[in-house]
Structures are given as C-alpha cells and as structure tokens.
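Data block below; observations after.
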Amino acid sequence: MDSALNGCKTFEDFIAALELAGVEIKRGKQLSFRLPGGKKFSRQDTLGDDYSYEAILERISGKRVVAPKIILAAPVVSAIGVNKPSLLIDIQQKIQEGKGAGYEHWARIFNLKESAKTLLFLKEVGIDSYDELVKKSASVSVEYNRRLTKIKEIEQTLGEITNLQKHIGTYGKTRDIYRQYKAIKNPKQRDEFYENNRADITLHEAAKKYFDGQGYGKDKKKLPTINSLKQEWAMLAAEKKKLYIGFKDLKEQRNSLTVAKGNADRILGVTPDAQNLNGSRDNRRSNSYDR
C-alpha cells in the first residue's frame with residue numbers, strides 16, 4: 001500500500017495501483033485485499049490506523065505522512081516445481097522499487113488503470129515469464145496476420161469474379177447488337193446504327209477490352225461460364241466465412257498481448273537490443289536493466 005500510494009492523486013488511482021501490483025480487491029462495506037499468492041482477504045479496517053479509508057485520503061492529500069514499509073516479493077515456483085523468474089513478480093518488484101525519477105517518468109507515461117488491466121490480463125491468461133509473453137505475442141500476431149492476408153486475398157478474388165461475371169453478362173446481352181453493327185458496310189448506315197445503339201455498343205466494346213486485359217479471347221485462355229464462376233465464388237465465400245470464425249477474438253487477443261508486451265518492456269526496462277540477444281532471460285534482464 002505504501003508503494004501504491006506513491007504518485008496517486010485520487011483514491012481510484014490508489015486502487016488501480018494496487019491492482020497493478022497484483023493485489024486482488026473485493027468491494028463491500030469495507031474493502032478487502034489479498035496479496036499475490038495469498039490465501040485470505042484482509043479487511044481494510046484491520047490493517048491499522050494509517051490504512052483506513054480516511055487515512056488513505058489524508059495521505060493522498062499530503063495531510064498525513066507515513067514512512068513506507070517496502071517488502072519485496074519472493075521468488076515463485078512453477079507448476080512443475082522448478083524455481084523460475086516470474087514476469088508478474090518482476091513487474092511488482094519494479095513498482096515497489098520505483099521511488100525515484102524513473103518511476104515518476106513511467107507513471108506520467110502510463111495510466112495506472114490501464115496498466116493494472118495489463119497485469120490482470122497476464123494473470124488471467126497464465127503468462128508468467130517474459131519469454132512466454134514474447135512467444136505468445138509473436139505466435140498470435142503471426143496467426144492474425146496470416147488470416148488477415150488470406151481474407152484480403154479472397155476478398156480481392158471475389159471482387160474480380162463479380163466484375164468478370166458482370167462483363168460476361170453485359171457481353172452476352174449486347175452481342176447481337178454488336179454483330180449487327182459490325183456487319184453494316186455502308187458508313188452512313190453504320191453511323192446511324194451506332195447513334196441509335198450507342199450504349200449497347202459501348203458496353204460491348206468495354207467488355208471485350210476487359211477480357212483482353214485479363215488474357216481471355218481468341219487464341220487465349222477460355223472465358224469461364226457464369227455457373228463455374230458462381231461455384232468458385234461460393235467456395236471462396238465459404239472459406240472466408242470459416243476464416244472469420246474466432247477472428248474478432250484473435251484480433252482482441254493480439255491487441256491485448258501487444259499492449260501487455262509493450263507495457264512489460266517499459267516497466268522492466270527491456271530494450272529492443274536486449275530482446276534480440278541469445279541466451280537466458282536473466283542475461284537479457286541484466287543487459288537491459290543496467291542501462
């Protein structure tokens with residue numbers, strides 16, 4: 001609580017800072033708090049005079065000054081029983097250590113409530129190491145980009161099919177008029193026929209020009225039928241629909257992981273160069289924290 005109060009301007013800022021540090025909060029007549037890894041909640045009115053609601057407000061306003069008691073979090077043990085660095089503990093320790101200009105600079109850049117959401121998100125998805133966060137963020141981004149690229153490719157092809165269908169339909173409807181026009185030998189009669197059928201002749205010539213541009217025509221690839229194009233369109237539309245299943249959730253997950261990684265990088269002081277180094281995570285941390 002002492003660490004969380006640092007830099008807070010409102011009681012809500014204080015609550016957000018606690019959540020950012022991994023403290024679970026239960027609201028009722030009295031707020032109750034449970035530390036990361038703790039078994040029980042502790043009510044606010046049992047924590048001492050300096051930690052009541054009124055005392056917290058006085059400490060935020062500067063009317064009450066209390067010497068902070070900082071207790072750094074202990075290392076955690078993974079589910080398989082092997083000690084390993086914990087990303088959540090790293091973040092909590094950084095916040096507890098942040099009493100100087102570095103913390104104040106970070107607090108100005110990041111909104112406490114949003115950062116608290118980031119920490120809670122990491123807990124919810126079970127990400128407990130920086131390496132795991134990097135890999136998960138990268139894999140989700142790759143899958144999102146793969147789907148997005150495929151969806152765009154399908155949409156482009158669907159547009160091309162629709163355009164081709166339109167030109168094939170126009171070509172068929174205007175073919176007889178165009179044949180009559182081409183069969184007229186007398187220039188005066190031909191001009192008169194053209195003026196009377198300008199729209200159909202223009203559309204027919206535009207369709208022919210489109211086919212030529214697409215590689216269709218005499219001695220070229222055969223023009224597909226409307227039915228074959230409808231079948232292709234239906235297959236692609238079904239594939240697109242399948243790609244969209246879970247796509248919104250994937251996008252939200254990608255965005256959340258990107259934000260979480262960005263916040264973790266800034267909080268832990270991880271630089272782009274440090275992320276690219278080979279070796280253990282501890283080496284990366286030492287290379288980035290010491291700068």
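The values are calculated or read from the model by the stated rules, or taken from the named source; none is laboratory data. Bear in mind that the values here come from a model prediction, so they are computed numbers and not experimental data. Cβ: placed from backbone, ideal geometry, glycine included. Neighbour counts: every protein chain shown.
If you go through region 126-139 and keep only what is without any contact (Cβ under 8 Å) to a residue 24 or more places away in the chain and either in contact with a Cys (Cβ under 6 Å, 6 or more places away or on another chain) or outside any loop (DSSP other than H, G, I, E, B) (or both), you end up with LYS135, ALA138, SER139. Only helices (runs of 4 or more DSSP H) wholly contained in region 140-247 count here; list those with 2 or more residues that are surrounded by 12 or more Cβ atoms within 10 Å (Cβ to Cβ) and touching a residue at least 24 places away in the same chain (Cβ under 8 Å). Correct list: 198-213, 226-244.
Here LEU122, LEU148, LEU203 are screened, and the one residue that is under 30 Å from LEU35 (Cα atoms) and among the hydrophobic types (A, V, I, L, M, F, W, C) is LEU122.
You will find that of LEU164, LEU158, the residue that is closer than 30 Å to GLU232 by Cα and in contact with a Pro (Cβ under 9 Å, 6 or more places away or on another chain) is LEU164 and no other.
Scan region 224-235 for residues that are at pLDDT 95 or above and either among the β-branched types (Val, Ile, Thr) or over 13 Å from GLN165 (Cβ atoms) (or both) and the total you get is 1. Looking across region 10-31, the residues that are touching a helix residue (DSSP H, G or I) at 6+ places or on another chain (Cβ under 7 Å) and outside any loop (DSSP other than H, G, I, E, B) come down to PHE11, ASP13, PHE14, ALA16, ALA17, LEU18, GLU19, LEU20, ILE25.
Considered as a group, the residues in region 22-37 that are of a type outside the set (Lys, Arg) and under 20 Å from THR118 (Cα atoms) include one that is surrounded by the most Cβ atoms within 10 Å (Cβ to Cβ), and that residue is GLY22. Of the residues examined, LYS63 is not one that is part of a loop (DSSP other than H, G, I, E, B), touching a residue at least 12 places away in the same chain (Cβ under 8 Å) and more than 30 Å from GLY126 (Cα to Cα).
Being free of Cβ contacts under 8 Å to residues at least 60 places away in the same chain, surrounded by 14 or more Cβ atoms within 10 Å (Cβ to Cβ) and either in a strand (DSSP E or B) or of a type outside the set (Ser, Thr, Tyr) (or both) is a description that applies to ALA55.
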